[in-house]
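A.B. asks: Dropping the structure in here first, questions after.
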Amino acid sequence: MSEDCIFCGIVAGEVPSYTLYEDDEVVSFLDVNPASDGHALVVPKGHDERLAEMDDAAVAATFTTARDVAAALEDALAPPGYNVVQNNGAAAGQEVDHAHVHVIPRTPGDDVAFGWQPGDLDEERAEELVERVGEHL
Ligand code: 5GP
Ligand code: ZN
């Protein structure tokens, strides 16, 4: 638990939330400022800031629950699609520094925006990346 962390406050029951699901490892609740109807968050109970800091058990529980929440949203609301989003660092849009996963139901023409301009993968850079990143895996 981290002082001043709003999600730790929710995990501890000190901050109210509309809880969809809870077990020993994770809690899932509705986002207070939803991008779309049904926008849910899945939050591991342990305080890690980013995905790469989480241990295997926390990752497994978080993403298994994200799958289950997605399936439940499909069963309950039948959205034509959904995004699973996980932001790490302010540069990536992370506002709450407690790792979490968004499950965001999507409908055609909604005003939820993700996106980037597709680039071209440079062959030389690709080979360099395979080598440089690969040696850390
Ligand atoms: P991030 O940008 O860090 O990936 O997403 C944080 C999300 O947490 C935002 O979508 C924001 O609306 C949501 N959020 C922030 N504070 C609270 C809160 O106190 N309760 C709930 N339910 N959601 C929150
Ligand atoms: Zn926290």
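The values are calculated or read from the model by the stated rules, or taken from the named source; none is laboratory data. Computed from a predicted structure; not experimentally measured. Using ideal geometry, Cβ is built from the backbone for each residue, glycine included, and neighbour counts are taken over all protein chains shown.
A.B. asks: Regarding the range 40-52, can at least one residue be identified that is among the small types (Gly, Ala, Ser), in a strand (DSSP E or B) and in contact with a Leu (Cβ under 8 Å, 6 or more places away or on another chain)?
C.D. replies: Yes, the range 40-52 contains a residue that is among the small types (Gly, Ala, Ser), in a strand (DSSP E or B) and in contact with a Leu (Cβ under 8 Å, 6 or more places away or on another chain).
A.B. asks: Filter the range 83-132 down to residues that are within 16 Å of ligand 1 (Cβ to nearest atom) and not in a loop (DSSP other than H, G, I, E, B), then give me how many there are.
C.D. replies: 12
A.B. asks: Since Asp24 meets every condition but one in (1) without any contact (Cβ under 8 Å) to a residue 40 or more places away in the chain; (2) within 14 Å of ligand 2 (Cβ to nearest atom), which condition does it not meet?
C.D. replies: Here Asp24 meets the rest and fails (2).
A.B. asks: If you go through the range 105-119, how many residues are of a type outside the set (Lys, Arg) and touching a Gly at 6+ places or on another chain (Cβ under 8 Å)?
C.D. replies: Here the count works out to 2.
A.B. asks: For the range 12-39, which residues satisfy the criterion of being of a type in the set (S, T, N, Q) and surrounded by fewer than 15 Cβ atoms within 10 Å (Cβ to Cβ)?
C.D. replies: Within the range 12-39, Thr19, Asn33 qualify.
A.B. asks: Here's another thing I want to ask about it. Return yes when Ala61 is surrounded by 14 or more Cβ atoms within 10 Å (Cβ to Cβ), hydrophobic (A, V, I, L, M, F, W, C) and under 25 Å from Leu137 (Cβ atoms) and no when it is not.
C.D. replies: When the stated conditions are applied, Ala61 passes them.
A.B. asks: Moving on. Surrounded by fewer than 17 Cβ atoms within 10 Å (Cβ to Cβ) and modelled with pLDDT of 95 or more, is that true of Ala71?
C.D. replies: Yes, satisfied.
A.B. asks: Which one of these does Ala113 not meet: (1) of a type in the set (A, V, I, L, M); (2) surrounded by fewer than 13 Cβ atoms within 10 Å (Cβ to Cβ); (3) modelled with pLDDT of 95 or more?
C.D. replies: Failed condition: (3).
A.B. asks: Follow-up. Can you tell which of Ser36, Ser2, Ser17 is away from ligand 2 (no atom under 16 Å from the Cβ) and assigned to a loop (DSSP other than H, G, I, E, B)? Don't jump to the end; show me each part of the working.
C.D. replies: Values: Ser2 fails: away from ligand 2 (no atom under 16 Å from the Cβ); Ser17 fails: away from ligand 2 (no atom under 16 Å from the Cβ).
Step by step, each of Ser36, Ser2, Ser17 is checked, and only Ser36 is away from ligand 2 (no atom under 16 Å from the Cβ) and assigned to a loop (DSSP other than H, G, I, E, B).
A.B. asks: A further question follows. Is it the case that the range 46-65 has a residue that's touching a Phe, Trp or Tyr at 6+ places or on another chain (Cβ under 9 Å) and more than 15 Å from ligand 1 (Cβ to nearest atom)?
C.D. replies: Within the range 46-65, one or more residues are touching a Phe, Trp or Tyr at 6+ places or on another chain (Cβ under 9 Å) and more than 15 Å from ligand 1 (Cβ to nearest atom).
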